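The values are calculated or read from the model by the stated rules, or taken from the named source; none is laboratory data. The shown structure was predicted, so the numbers you read here are calculated from the model rather than taken from an experiment. Counting neighbours? That spans all protein chains shown, and the Cβs are built from the backbone with ideal geometry, glycine included. Areas reflect the complete protein model, heavy atoms only, side chains present, ligands, DNA and RNA absent. Shrake-Rupley method; radii C 1.70, N 1.55, O 1.52, S 1.80 Å.
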Amino acid sequence: VVRCFEDENIIHVDGSIDPRRDIEVIDLELILADLETVERRTEKARHLLKNGDKLRALEADVGERLKAHLEAGKPARTCPVTDEEKEVLDGWFLLTDKPVIYVANIAEDALDGIDTNPLVRTVRDIARQEHAECVAISAQIEEEIAGMEADERAMFLEELGIAESGLDRLIQCSYTLLGLISFLTYGEDECRAWTIVKGTK
């Protein structure tokens, strides 16, 4: 969640609003955590490398390349790897290898100008470069909506000119990013929505 609004009553730790800087700070922290993991796993693979063990050799090789990639300040998800190497890295559970959704937190009165908001555009540009998702929401509005009954919520959203809540859009965005859909089943005793991988037969 990236702050994309000005409010003199809410102080930013760095004294100014800059979503690019905020994203870089978080990315750096995650990259440093991943760097520790990669160094540890690479060292272990080298230590266990015996008698031409192809898996350990592959782990050591991809670990060295990924270490250089992370040291350059780039997240693991942008490191070019083969399918076989990707399978190895999936077992390392790296933080910067996870798919990302950037949530641009905007002011309540900025809903009409989302597309022209320069701070939101910055976040969208970063997301586009990383093939990530981006959703703009107002956390203040979402907090108000959370405490309302369904009919009251619908009226409130209509007054604001919003078709659906930010939370609903965030859920849809998450499903898209993870390649999931809802599969609906209906019977006499119940109606259910199952979360499944898109394309499942």
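Just so you know, in region 2-24 the residues that are surrounded by fewer than 12 Cβ atoms within 10 Å (Cβ to Cβ) and hydrophobic (A, V, I, L, M, F, W, C) include one that is farthest from Leu111 (Cα to Cα), and it is Val13.
Take the conditions (1) closer than 30 Å to Arg40 by Cβ; (2) surrounded by 12 or more Cβ atoms within 10 Å (Cβ to Cβ); Thr82 misses just one of them, which is (2). If the condition is being open to solvent by less than 70 Å² (accessible area, probe 1.4 Å) and within 23 Å of Ala132 (Cβ to Cβ), then region 26-66 contributes Asp27, Leu30, Ile31, Ala33, Asp34, Leu35, Thr37, Val38, Val62, Leu66. Looking at region 143-201, which of the residues that are modelled with pLDDT of 90 or more and among the aromatic types (Phe, Trp, Tyr) is most open to solvent (accessible area, probe 1.4 Å)? If we take residues in region 143-201 being modelled with pLDDT of 90 or more and among the aromatic types (Phe, Trp, Tyr), then Tyr186 is most open to solvent (accessible area, probe 1.4 Å). With respect to the conditions (1) in contact with a Phe, Trp or Tyr (Cβ under 8 Å, 6 or more places away or on another chain); (2) exposed (fewer than 12 other Cβ atoms within 10 Å of the Cβ); (3) of a type outside the set (Ser, Thr, Tyr), Ile126 falls short on a single one, namely (2). Just to be sure before I move on: is Val135 open to solvent by 70 Å² or more (accessible area, probe 1.4 Å) and not hydroxyl-bearing (Ser, Thr, Tyr) in the structure I sent? No.
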